[in-house]
Amino acid sequence: MAKKEIAVVGGGLAGLTASVLLARAGCSVTLFERSSVLGGRGATKDVGGFRFNLGPHSFYLEENVKSVLENIGVNYTGRTPDRSKQLMELKGKLGKLPNTVPFILHNEVLEEDAKKEILNLLSGVQQTDTAKWRGKSVAEWMEDCSISHPDTRLFVEGALRLLTYSSAADLFDAELFLSLLRTMPEVWYLDDGWGTLISGLEQAAREAGVRIALSSKVNRIHETAHGYSLLLSEGSPHPVSFVILAVPPAAVLNLLEETDFPELRNWATETIPIYASALNVALRHLPNPEQPFVLGFDTPYYYSAHSDAARLAPDEGAVVHLMKYVRPGETIHHAAVREELRTWMDSLQPGWRDLIVEEQFLPSMMVAGDIIQAKRGGLAGRFGPQVPGTPHLYVAGDWVGNEAQLANASIMSACRAASMILEGGEL
């Protein structure tokens, strides 16, 4: 069979993964990236030896994703943070983050009644058939559990934020959350930042023969008699047989005409992105190195010195991420939020302002293209990768597919899209 032209739009984790797999299988692949560099939200900035990710990226390294990266040949190293150093803040007081039974029992700020209720709750989760909570929200699950102590509710909401980046208990699907709460998956912080993944994928893509078109914005995609036509920003059409859109939902909508691909348009319109405000700080050293992590319980704040676990800074240096979780529809007052985070850092690491090497504020950072919505049936009800009713059009990203969330969803949906194209018998 003659080779078919495949266009991949978007040069982040999903787009690069799909491109490598297809090119290695013999397809003719062109990857279009609107930016001058690859990576999307997986890019890492080097500031004098300090590595800044776009906010506090955490990698829940699932075995299937690990296998994909290994097969592609992407090398990376990293570490899990020391749980014994992790703290929570409640009513201005710090205590051990209650992520193990001993840390719950000996927590310094939770009331005794709350400790008992949290332990009973976690014990019940181990026995729960999580599938029966598919399509119901975390808030509905909490109501069913008859939670009586306000600290217990704060524990659940804090766990939801930490495990999913979402602060919308009324929207997030309980099945996935309970599965995560049951296992408490360990997070990885990557040495040298997430850019190591992007660099590895880019090298593999170029070696496989992927044509990478940087600073190439795709304005529109149209269906034709023989496939699709991509209209580029410079006005030239690019005909292809297959397309993978590895971009966020809003970008997908911008690529479509009002009457094109109605099912994809409807789905993208109904997504609810997860946003956060992030403050990234490089310090000559951390004033209090014994306090590398704090999660706000009665405030939607997160603080972590990722350099305590991963190689992200020069000797003695520190890279700190602070974040405010943002509810869907919440108005973000940029200057006020930045000062909130800086003031919180004052309380956690007094003297930090005198040690600043670099500071970066991201007022409205997209964390994921869509919440795992209860009303859609959770992961099982998510869209794609194949677009119904339209041959040879696919989507990939952290908002796609029924296998995972966040970065894992990006990689796995890219794999599924590539597999569907290859299994169709047409290269």
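The values are calculated or read from the model by the stated rules, or taken from the named source; none is laboratory data. Note that the coordinates shown come from a computational prediction; the quantities given were computed from them, not determined experimentally. Note that each Cβ is placed from the backbone with ideal geometry, even for glycine, and that neighbours are counted across all protein chains shown. In case anyone asks, the SASA skips ligands and DNA or RNA and just uses the protein heavy atoms, side chains included. Shrake-Rupley method; radii C 1.70, N 1.55, O 1.52, S 1.80 Å.
Structure notes:
- Restricting the stretch 13-111 to trypsin sites (Lys or Arg not before Pro) in coil, as DSSP defines it, with at most 12 other Cβ within 10 Å: K91
- Ranking M345, M366, M420 from most to least accessible surface, computed with a 1.4 Å probe over the protein chains only, gives M420, M366, M345.
- Degrees, to the nearest 10: 63-72 long Cα axis against longest axis of the chain: 50 degrees
- Global geometry of the stretch 1-134, whether rounded, prolate or oblate, following the gyration tensor of its Cα atoms and the 1.5 cut on a/c: prolate
- Nearest 10 degrees, 0 to 90: helix 174-183 Cα axis against the chain principal axis: 60 degrees
- For the stretch 1-76: rounded, prolate or oblate by the Cα gyration tensor [a/c cutoff 1.5]: oblate
- Per residue solvent-accessible surface (Å²) - the chain, probe of 1.4 Å: 41 Å²
- Within the accessible area of the chain (1.4 Å probe), percent carbon and sulfur: 50 percent
- Tensor-based shape of the chain (alpha-carbon gyration tensor, a/c under 1.5 rounded, otherwise prolate or oblate): prolate
- Per residue of the chain, the DSSP helices (runs of n ≥ 4 H) give a summed -39500 (n - 2.57) that works out to -10000 deg cm²/dmol at 222 nm.
- Listed residue pairs exceeding 31 Å between alpha carbons, taken from K96/K324; K45/K217; K66/K91; K93/K136; K93/K375: K66/K91; K93/K136; K93/K375
- The listed peptides 380-393, 273-286, 9-22, ordered by packing as a protection proxy, come out as 9-22, 273-286, 380-393 (highest mean of other Cβ atoms within 10 Å first).
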